[in-house]
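So the structure is just underneath, and the comments pick up after that.
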Amino acid sequence: MNPIWRSTLKAGLLTGAIVIYVALTGMVLSLSQRPVIGKLSLGHVVYMLVFVGMGYITAVRSPWRQERPWLVPLQGAVVGGVGAAILALLPLIGRKVDLGWMFVTAKPELYKFLLFNQEQVARGVLYLILTGAVLGGVAAVLPILPEVLHKALLGGASTTLLLGVLAELVQRTVLKKVLGPFFAYKGLKPTGAAILFVVLTVLFGLQAWWRQKHPKVTKSVAAQEAEAASPLRTTLQLGALLLFLLILPVWILNKDTYLNSVVNLVGLYIIMGLGLNIVVGFAGLLDLGYVAFFAIGAYTVALMTSLGPLGHGYSFWQALPVAILLALTAGVVLGIPVLRMRGDYLAIVTLGFGEIIRILANSDWLKPFMGGALGVLDIPKPKIGNWVLKEEYQLYYLILAGILVTWFVASRLYHSRVGRAWQALREDEDVAEAMGIHLVTTKLLAFGFGAAFSGLSGAIFAAKVGSVYPHTFNLIISINVLSLIIVGGIGSLPGVVVGALALVGLPELLREFSEYRMLFYGIALIAMMLVKPEGFWPKRLKVYPRPQEEDAEASAL
Amino acid sequence: MAPILVARKVTKRFGGLVAVNELDFEIEEHAIASVIGPNGAGKTTFFNCITGFYVPEEGVIEFEGKEIQGLRPDKITTMGIARTYQNIRLFGKMSAIENVMVGMHPRLSLHWWDAVIHTPAFVRQERKVLRRAWELLDYIGLTDWANHQANSLPYGAQRRLEIARALASEPKLLLLDEPTAGMNPQETAEMIEFIRKLRDDWNLTILLIEHDMKVVMTISEKITVLDFGTKIAEGKPEEIQRNPRVIEAYLGRGAASGLSAAEAPAQAA
Amino acid sequence: MALLELHNVHAYYGNIHALKGISLTVDEGEIVTLIGANGAGKTTTLRVITMLLPPREGTVTLNGEDLSQYRTHEIVLKGVSMVPEGRGVFARLTVLENLELGAYTRNDPSGIAEDLERVFTLFPRLKERQGQAAGTLSGGEQQMLAIGRALMSRPRILLLDEPSMGLAPILVESIFDIIQEINRQGTTILLVEQNALMALQIAHRGYVLRTGEIVLADTAENLRNNEMVQKTYLGME
Amino acid sequence: MNQWQRRLEYWRRRYDITDVVVWLFGLAILAVAVYGTVRSLQTTTYDSKRWAQFVVYGISQGGVYALIALGYTLVYGILFMINFAHGEIFMFGAFGALFTALALDKAGYWNGHPVLSLIIVLLVAMTTSSVIAVLVERVAYRPLRKAPRLVPLITAIGASFTLQYTARSFFGSGLRAFPEMDMLKGSVSVFGLDIGKSHALTIVVSLLMMAGLYWYVQKTKTGKAMRAVAENKDVAALMGIDVDQIIVRTFILGASMAGVAGVLYSLIFFQVKFFMGFVPGIKAFTAAVLGGIGNIPGAMLGGYFLGIFESLGPALILEGLGIPAPSQLKDVIAFTMLVMVLIFRPTGILGEAVSEKRA
């Protein structure tokens, strides 16, 4: 057989394996009640996207793209069709043999859903295979189209789908005023989807056409140097961003409690991410016990301010500095013995430390002081004068302030002697030491800052939620924070925000997916390292302009 | 002139292997000296003892009259010794200028809180750092590469950048580990000139390890020859060239038994 | 036809252009030496031949067969064996285990036993120490072990990378004697050496490398008499 | 005398205030532990038989840790990376065992032919674990072999979570009961001690597996190739060893041990769940580090050491300090011990001193 067809068949088998995996995780069935566009449910989307994606990838990689483009859609159809045929085996086997004792997700409802609720099994299987073939084939058409058309259709289709998935977000925000008519209660109306698709495709097409006409030139380093010397534009951009952030909770999100609480959660993760980014991103120390400092911050505020029997009656503002200080102290105390260890040992010891804090908080031994498994309740909201920050959109400003402060500190540290020492350390510890950098104090500084930021985040978290329990502070939080800085772009400050939005905000908005969140994290971590290890918003080199005195020379460059 | 660095009876062992054996060594201030010897003779190990990467089991190393053996590398660098590496070890993902700025680390004094608040002293210092970094890049002719990632630089530029990074720490003694390795004759000739200029411009003492005999003979005021961690000869280039033990260690039996290369029996015929 | 032939080979470490168009041949039964300063590309050439560093351009052929289609462990099956720089003995394994690994690709116990005897005849020291961890051997013994191990695969061509490195002159002599002996028994040898004149005494032909290029290629005798070679490796004006 | 002066001088130069703080920190914990132990031995009511049972229980638990730890150590020894997903490989082994055991139980074989059933279950568990391990190696580690060290460590964490939550989705989030075996009910008496039969089985099987592994690595051709690859991959390839293939075999070997551990663990605790790999995983990793990671006898020793310490520790140390419900804190003891070992012996109990050659 022709090797290209053989590899196409292989791709089809892989598609089948992936689709079966997706079906057996239970995603397909549990999301089948959530409409995206008309009758098309999220359950349909998750497995059909595999056909689309694999068909598209096959086409992009196809050696026939140039010489025999007419065969490419056929390839895609084979990939999708074979994948669907394999998926069809699941209901076919499942109806004969009980798989439920092994796979809890292998239920008759799933089989029915996969066969499009057809009474006749053969017809259901046929529909399924046809669906796979058509989707794979259509997706494979895109890469052989002219580039503008390709980009336009891809952008239009994926954005329409995304809007359908994020219907709730649209419904609750200011966007409703514009897009409201296109949406049903949940998901898009079919007509709305069609109109949106056309409009978006045209828009994406125009943009792609513009790009083609005016290709983006990467600025030369010399131009960047000149720009860095006069930072006016950056200042303007920053101002606009700040304005947006200030009006976000009230005007854009309509004081919606749910959306604002999501935004606040993202904010707390951003603070933590900025802290861990110093430890992992700047200094290259892998800390897996980062949640410990978050817990210390939260418990400090909880115990100092709680109105319950365990509390001591201090105000939030009195407790906040204590929380930060205690977290910092814990960071340094842990850091001193641990930071002499080799890199990989650091990971396991910090992980152990995170567990220790949780176990201690949960233990009978410390129960009289920390409440054991029952936690600490009745934590009052912060007050400014007589103004109580009790609503989520009010707390937002507290968190925003926290982010701004941590961002400011992190970025100023990064561009200083200390920040350069951290980077040197990350690059080559031995040479860094030979450059006169004291390893332990430099690492301790990173660890201390990371811990302090995490403590700050924990302190606000306690006040926001109103109660703390030991089981909240498990390893998963540490992994979340680590994942978000990696997905965003390790060492990059904007990357932290992007990562937090993608890994904390998006799953919160897609509550249907919450069951599968950790699964997605795991896959995201692997995929990111394999495909785009530098992250979505990679760290960029800072451009250092020539000093002012030599302006004449710089412009000559 | 007084010696800037003195080593007395320095011994470094790895397991059973004696890498440096009771080495006595001196280098005068403002001199250029070389350590040569076959591969594995203990040259780099000796460098590592000076810079604090290794702790010699025995012996004393004095720098400007102060004992330094056993001190950690960061302390030794702060005292005024800087080095380059046989296989270039730049901070690859930082820009060229940042590499130089890291080099200034031991000469800067302000703390993290100065950086956060941007105290006037900090702003002044950073401005100075930036200016000096550009000056150093100017000096080695790499201003065009200033804002490029260090590991994207061409090979020769990386070698020079490593020297600039070492200079940034304002050393009194500079150790160069095979500065001309992998260079063609013209680049090598330029490097020789550059090392001389370096010494004069920065009032340095330079100690180098080198394999290229031509470089060694041209540039050194004093040569120390190591073999098996032991010093087998020391002196001016002309003396070294004539020293039979050196010829033996380097050239093997033909030369050692008094035959010139041309007269050696062609056993391989 | 030459046994081993490199034609216009270019190789890179990252973006460093380490070999800039090397062409050389080694004929059956020869000892050929590559000499040059540190960083000239001698070791890189050997790494290219064994595909530890596949060339970006050019061809490496053994007996007319292109080697670049194989991975390193398959090269050994083709009859190429290499003694790496710094000997590379497995320090935690015993001398005997090291030698056994040299015959990893072979499945003829009697032939292996025969070759083991041959190695022990060449290096009686190794027989005495066969139960000892290789890391406890002296430098000279490790070099012997590395050479013996390479012979265990019954190579057609043996690549030697700086066998004299870090050895006392007396030992260097005996190692070089043994190399000649191995060659006399029928193994072709490509020898990389810094100790240039020593290498040129046992080699038939030689190549001089400088910064990734071959600057001289001649018979060993002519190279020994060459003024530039003498000057570069003696530093004599 | 002179020697002591020199040593003092050496210390004064080489170490600074942070080192002193670390040692004081370690010594303080040690002092507390010793004080607790003395108090416990003075006051508690346990008799010597009870103490001995703590030890036996610890050895059996330690055997499981040791088997898992071997997987960490084998992979670390050859790739110098922490295979964070190894705990999940253990968990999948246990699930493989669970479904086989359920099927055998349904067919009446489980108690009808217990020895045969056990062997089948062990083989299935080893196979399941191996398949998962090979999959992880192929997808998440092999493409990144030349990447910076942090990168495969992160994919390992990712693989760990993917596997854990895949199991959760596939097999449900609740506990699954592992069928009990009549043969393993009750206890045997050895030297006057009553040892639960399943504990006894665990001890015997883990010892046998470890002996087998040791033999395999020391004596077989593949074992020798593994050790060669661990020392130097390039030179190993020059011997004609297919390095990738040997790495896959190493993963299989480690996973098989984890699969066996999964069966033994299920036989002791009678339950299988999707997050069961996490705690034994980090404990086993701790054990591997304790013994000196990369070192096979070290992993075994570390496993037993940790098992015994964990079993004895709460009663021996914490009770004397007057801490209520000390067994809640046994993980705290385990991790504290890890920190202590790393402070005073950074390369673990049997680990070789990492040569100071760096530059």
(message) So for the stretch D:304-318 (the condition being modelled with pLDDT of 90 or more, buried (at least 22 other Cβ atoms within 10 Å of the Cβ) and aliphatic (A, V, I, L, M)), does at least one residue qualify?
(response) yes
(request) Can you confirm whether the stretch A:161-176 contains a residue that is aliphatic (A, V, I, L, M) and farther than 19 Å from A:Leu509 by Cβ? (result) no
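Within the stretch A:370-385, can you find the residues that are closer than 21 Å to A:Pro309 by Cβ and in a loop (DSSP other than H, G, I, E, B)? Spell out the reasoning first.
The first filter runs over the stretch A:370-385 and keeps only residues closer than 21 Å to A:Pro309 by Cβ, leaving A:370-381.
The answer is A:Gly371, A:Gly375, A:Leu377, A:Asp378, A:Ile379, A:Pro380, A:Lys381.
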(message) Please pick out the residue among B:Ala166, B:Ala157, B:Ala189 that is of a type in the set (A, V, I, L, M), modelled with pLDDT of 85 or more, part of a helix (DSSP H, G or I) and under 12 Å from B:Tyr85 (Cα atoms).
(response) B:Ala166
(message) With the requirement that a residue be among the small types (Gly, Ala, Ser) and at pLDDT 90 or above, what does the stretch B:169-186 give you?
(response) B:Ser169
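Do the conditions hold for D:Ala236, that is, is it part of a helix (DSSP H, G or I), free of Cβ contacts under 8 Å to residues at least 12 places away in the same chain and crowded, with 24+ Cβ neighbours inside 10 Å? Can you show your working first?
On the way: part of a helix (DSSP H, G or I): yes; free of Cβ contacts under 8 Å to residues at least 12 places away in the same chain: yes; crowded, with 24+ Cβ neighbours inside 10 Å: yes.
Considered against the rule, which asks whether it is part of a helix (DSSP H, G or I), free of Cβ contacts under 8 Å to residues at least 12 places away in the same chain and crowded, with 24+ Cβ neighbours inside 10 Å, D:Ala236 comes out as yes.
Being within 14 Å of another protein chain (Cβ to nearest Cβ), closer than 17 Å to A:Ser41 by Cβ and not charged (D, E, K, R) is true for just one of A:Leu110, A:Leu114, A:Leu87. Which residue is that?
Working: A:Leu114 fails: within 14 Å of another protein chain (Cβ to nearest Cβ); A:Leu87 fails: within 14 Å of another protein chain (Cβ to nearest Cβ).
Testing whether each residue is within 14 Å of another protein chain (Cβ to nearest Cβ), closer than 17 Å to A:Ser41 by Cβ and not charged (D, E, K, R) leaves just A:Leu110.
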(message) of a type in the set (A, V, I, L, M, F, W, C), open to solvent by 30 Å² or more (accessible area, probe 1.4 Å) and in contact (Cβ under 8 Å) with a residue 12 or more places away in the chain: is that true of D:Phe80 in this structure?
(response) yes
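Restricting to the stretch D:206-216, give me the number of residues that are surrounded by fewer than 20 Cβ atoms within 10 Å (Cβ to Cβ) and in contact with a helix residue (DSSP H, G or I) (Cβ under 6 Å, 6 or more places away or on another chain).
Our first condition is that a residue be surrounded by fewer than 20 Cβ atoms within 10 Å (Cβ to Cβ); within the stretch D:206-216, this holds for D:207-208, D:211-212, D:214-216.
Now narrow it down to the ones that are in contact with a helix residue (DSSP H, G or I) (Cβ under 6 Å, 6 or more places away or on another chain): D:216.
Within the stretch D:206-216, residues that are surrounded by fewer than 20 Cβ atoms within 10 Å (Cβ to Cβ) and in contact with a helix residue (DSSP H, G or I) (Cβ under 6 Å, 6 or more places away or on another chain) number 1.
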(request) Tell me which of these C:Gln130 doesn't satisfy, since it passes every other one: (1) within 13 Å of another protein chain (Cβ to nearest Cβ); (2) open to solvent by 30 Å² or more (accessible area, probe 1.4 Å); (3) in a loop (DSSP other than H, G, I, E, B). (result) (1)
(request) Run A:Pro321 past the list (1) free of Cβ contacts under 8 Å to residues at least 24 places away in the same chain; (2) more than 23 Å from A:Ile399 (Cβ to Cβ) and report the number of the one that doesn't hold. (result) (2)
(message) Every residue in the stretch A:19-46 that is within 14 Å of chain D (Cβ to nearest Cβ) and either free of Cβ contacts under 8 Å to residues at least 60 places away in the same chain or open to solvent by 60 Å² or more (accessible area, probe 1.4 Å) (or both), please.
(response) A:Tyr21, A:Val22, A:Ser30, A:Val46
(request) State all residues of the stretch A:424-447 that are within 23 Å of A:Gly289 (Cβ to Cβ) and either surrounded by 24 or more Cβ atoms within 10 Å (Cβ to Cβ) or aliphatic (A, V, I, L, M) (or both); if no residue qualifies, say none. (result) A:Leu425, A:Leu439, A:Val440, A:Lys443, A:Leu444, A:Leu445, A:Ala446, A:Phe447
(message) Name the residue that is most open to solvent (accessible area, probe 1.4 Å), counting only residues in the stretch C:153-179 that are part of a loop (DSSP other than H, G, I, E, B), under 10 Å from C:Gly140 (Cα atoms) and within 11 Å of chain B (Cβ to nearest Cβ).
(response) C:Met165
(message) Would you confirm, using the coordinates I've provided, whether C:Ala217 is open to solvent by less than 50 Å² (accessible area, probe 1.4 Å) and modelled with pLDDT of 90 or more?
(response) no
(request) May I ask you to list the residues in the stretch B:11-35 that are open to solvent by 10 Å² or more (accessible area, probe 1.4 Å) and more than 19 Å from the chain's Cα centre (by Cα)? (result) B:Arg13, B:Phe14, B:Gly15, B:Gly16, B:Leu17, B:Val18, B:Asn21, B:Glu22
(message) assigned by TED's automatic domain parsing to the domain that holds C:Thr50, under 12 Å from C:Ile31 (Cβ atoms) and crowded, with 19+ Cβ neighbours inside 10 Å: is that true of C:Gln201 in this structure?
(response) yes
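Hey, does the stretch C:208-220 have a residue that's in a loop (DSSP other than H, G, I, E, B), within 15 Å of C:Leu34 (Cα to Cα) and free of Cβ contacts under 8 Å to residues at least 40 places away in the same chain?
Residues of the stretch C:208-220 that are in a loop (DSSP other than H, G, I, E, B), as a first pass: C:211-212.
Add one more test, that the residue is within 15 Å of C:Leu34 (Cα to Cα), and what stays is C:211-212.
Filter once more, keeping what is free of Cβ contacts under 8 Å to residues at least 40 places away in the same chain: none.
Looking for residues that are in a loop (DSSP other than H, G, I, E, B), within 15 Å of C:Leu34 (Cα to Cα) and free of Cβ contacts under 8 Å to residues at least 40 places away in the same chain, one finds none in the stretch C:208-220, hence no.
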(request) Could you pull out the residue among C:Gly21, C:Gly14, C:Gly39, C:Gly29 that is farther than 28 Å from B:Asn87 by Cβ and not hydroxyl-bearing (Ser, Thr, Tyr)? (result) C:Gly29
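Give me the residue from the stretch C:61-120 that is among the polar types (S, T, N, Q) and assigned to a helix (DSSP H, G or I) and, out of that set, nearest to the other protein chains (Cβ to nearest Cβ). Before you say what the answer is, go through the steps one by one.
Narrowing the stretch C:61-120 to residues among the polar types (S, T, N, Q): C:61, C:63, C:68-69, C:72, C:81, C:94, C:98, C:105, C:107, C:110.
Still in the list and also assigned to a helix (DSSP H, G or I): C:68-69, C:72, C:98, C:110.
Working: C:Ser68: 15, C:Gln69: 16, C:Thr72: 4, C:Asn98: 8, C:Ser110: 17 Å.
Only one residue fits best here, namely C:Thr72.
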(request) All but one of (1) within 14 Å of chain C (Cβ to nearest Cβ); (2) buried (at least 24 other Cβ atoms within 10 Å of the Cβ); (3) outside any helix (DSSP H, G or I) hold for D:Gly294, so report the exception by its number. (result) (2)
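For (1) in contact (Cβ under 8 Å) with a residue 40 or more places away in the chain; (2) surrounded by fewer than 20 Cβ atoms within 10 Å (Cβ to Cβ); (3) in contact with a Ser or Thr (Cβ under 6 Å, 6 or more places away or on another chain), each residue gets a yes or a no:
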position	(1), (2), (3)
C:Thr72	no, no, yes
C:Leu77	no, yes, yes
C:Gly86	yes, yes, no
C:Asn98	yes, no, no
C:Leu101	yes, no, no
C:Pro109	no, yes, no
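Can you name every one of the helices (runs of 4 or more DSSP H) wholly within the stretch A:451-557 that holds 2 or more residues which are open to solvent by 10 Å² or more (accessible area, probe 1.4 Å) and within 30 Å of A:Tyr299 (Cβ to Cβ)? Before you say what the answer is, go through the steps one by one.
Working: elements: A:475-488, A:493-500, A:506-509, A:517-531, A:551-556.
Per the criteria, A:475-488, A:493-500, A:506-509, A:517-531.
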(request) Could you tell me which residue of the stretch B:41-60 is nearest to the other protein chains (Cβ to nearest Cβ), considering only residues that are surrounded by fewer than 21 Cβ atoms within 10 Å (Cβ to Cβ) and assigned to a loop (DSSP other than H, G, I, E, B)? (result) B:Val55
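Look through A:Leu404, A:Leu413, A:Leu439, A:Leu351 and report the one residue that is within 24 Å of A:Ile479 (Cα to Cα) and within 14 Å of chain B (Cβ to nearest Cβ).
Exactly one of A:Leu404, A:Leu413, A:Leu439, A:Leu351 is within 24 Å of A:Ile479 (Cα to Cα) and within 14 Å of chain B (Cβ to nearest Cβ), namely A:Leu404.
Looking at the stretch B:188-234, which of the residues that are within 14 Å of another protein chain (Cβ to nearest Cβ) and free of Cβ contacts under 8 Å to residues at least 12 places away in the same chain is least open to solvent (accessible area, probe 1.4 Å)?
Among them, the one singled out is B:Ala189.
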(request) Residue by residue through the stretch A:47-78, note down the ones that are surrounded by fewer than 18 Cβ atoms within 10 Å (Cβ to Cβ) and aromatic (Phe, Trp, Tyr). (result) A:Trp64, A:Trp70
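The values are calculated or read from the model by the stated rules, or taken from the named source; none is laboratory data. All figures in this text were calculated on a predicted structure; none of them were measured in a lab. Every residue, glycine among them, receives a Cβ derived from its backbone with ideal geometry; neighbour counts consider all protein chains shown. For accessibility, only protein heavy atoms count, side chains too; no ligands or nucleic acids. Shrake-Rupley method; radii C 1.70, N 1.55, O 1.52, S 1.80 Å.
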